Structure formats: C-alpha cells, structure tokens
Amino acid sequence: QGGVLGSPIEVWHRDAGVADPAKTEASFTQLLEHDVDVIIAPASADVMDVLLPLAKKAGILVVAPANADTAPATANTAPIVPDDAFALALRSSDPNLSELSYGAESYDLTTALALSTVFLGDDGAVSLSFALSHVQGPGITCESFGACVSVLRTEPAISYRGPAGQFAYDVASGTVVF
C-alpha cells in the first residue's frame, strides 16, 4: 500500500555539516549506504559545493531550496512559513518536530520528486532532473500526490501546487526557487 512504482518512499535524515565539509561528505557516504535516489539538501551554498560533485560521480540527484548566494537577485529565499493546518500536519507526523523552516519546501520537493518518478516511470537522477520541471509545468493543476497521479492516468501533463506554491528548478545548480 502506498509508495511510488511499487516501492515505499524512505526518508533518511543526516546532518548536512554546514561549514564542515568532512561532515557533509560523511553524511553523503551514509546516504549512499542506504541506496538513495535523491538528496534534498539544505539551503546552503557551502553544502551544495561539497555535495554536487559527489552526487554527480555517484549518479544521484541533489536538490535544495535556493539561498541568497544561489538564487536570482529578485528571488525570495526566506523559508516559507507554513499555515496552521500544514504546521499541524507536520507536527502530527513527527511529534518531536520543533523547527518548521523549509518544511513546506521539503514536502513539496519530496512530492514533486515522487510525481516525477510516476511521470517518467523511472527514479534515476537524469530522469528526475528532467521531470522535476515538468510536474510544475503547464497542465492540469493538482494539489496532492494522489490527485496528481489521478490526473496523470488520463492527461499528459500536471501542474503540482503544494503548500510552498510554485517553484522553479535550475538543473545546473540543483537549486529550487519557491
């Protein structure tokens, strides 16, 4: 029951090691041991500088919310403050959750990546990178994984809009502007 393409979605949390490249590399190695398909990284240019070459070599996609160093000059890079209903949903999934910064962005990236997998029938880095822009493109608007999968059964294109709203994905840098 559930999952994507017959497999469950597993979430592995690791310390990204902001300002500590050795910790970032160690966390990446631990994620490789879990055979991850994609890494959703923090909004940190320093972390992305370490992760991107490692991920490219390993054939893994890394995406992260843009930050002041990686976003276009006019982009808002502040974390999206979730509304009360979404904050409650986040806390109900993890009662120990104390920080909600980037919660909406991480949720939307996870959902959009799962939809990308469904869209192309593949969870490889190249496919995910290609499809990530397409699940936000012109198409039937849907606001949940289930609703979007239902649309994809009959329509060739969707426009996913989750709690963080529309986003733009930059393939070259792996960053996402919300």
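Protein-only accessible surface at a 1.4 angstrom probe places the residues 169, 102 in the order 102, 169, largest first.
For the chain, state the semi-axes of the equivalent ellipsoid (square roots of 5 times the eigenvalues of the alpha-carbon gyration tensor), sorted largest first and rounded to whole angstrom.
Values: eigenvalues 115, 74, 60 Å².
Here the semi-axes work out to 24, 19, 17 Å.
In segment 37-89, the C-alpha radius of gyration followed by the widest Cα-Cα span (Dmax) gives 13.8, 41 angstrom. Of all DSSP-defined beta bridges confined to the chain, some 40% are antiparallel rather than parallel.
The values are calculated or read from the model by the stated rules, or taken from the named source; none is laboratory data. This is a predicted model, so every value here is computed, not measured. Surface areas here come from the heavy atoms of the whole protein model, side chains and all, with no ligands, DNA or RNA. Shrake-Rupley method; radii C 1.70, N 1.55, O 1.52, S 1.80 Å.
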